Amino acid sequence: MCALAFAPHAAAQCNTRMTELQFVKDGLQRAASEGDLVTAQDYADRVRRLLDQLSTAAVRCDCPPARDKFSAAAAAARRAAEQEQRRDLRTAVADTRTLFDEAYEAFKNCRASTEK
């Protein structure tokens, strides 16, 4: 009974995160295309904070696969923000994007399973 009571709340938690997912996509695009290194680092750090939030949300959503992928993507975004060369930052952003895409798919799968 308790699990059933939690299920609608978990689904609501999962549904409220679509905005953050879009912000991450936009931030990754901006970090990759920004010409100024400091500004690109700032975008990467913003993405890292959002990915940390999404990892926490995945815990509340009871979705360990997404949590793990969002955490890995946050670590990659942290590496991107710490890069001192533009080329290295872009490479780290590309790694972040790959991990984010995997996390996003895992998150969608969890959302789909909670909506059933």
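Could you check, for region 83-99, whether at least one of its residues is under 10 Å from the mean Cα position of the chain (by Cα) and more than 15 Å from Gly27 (Cβ to Cβ)?
no
Quick one: would you say Ala73 is closer than 13 Å to Leu28 by Cβ, out of contact with any Cys (no Cβ under 6 Å at 6 or more places or on another chain) and of a type in the set (Gly, Ala, Ser)?
So Ala73 fits the description; yes.
Which residues, taken from region 51-68, are closer than 17 Å to Gln22 by Cβ and touching a Leu at 6+ places or on another chain (Cβ under 9 Å)?
Within region 51-68, Leu51, Leu54, Ala66 qualify.
Read-outs: derived from the displayed coordinates by stated rules, not from any lab. Here the structure is a predicted model, which means the values were calculated and not measured. All Cβ positions, even for glycine, are placed from backbone atoms using ideal geometry, and neighbour counts span all protein chains on display.
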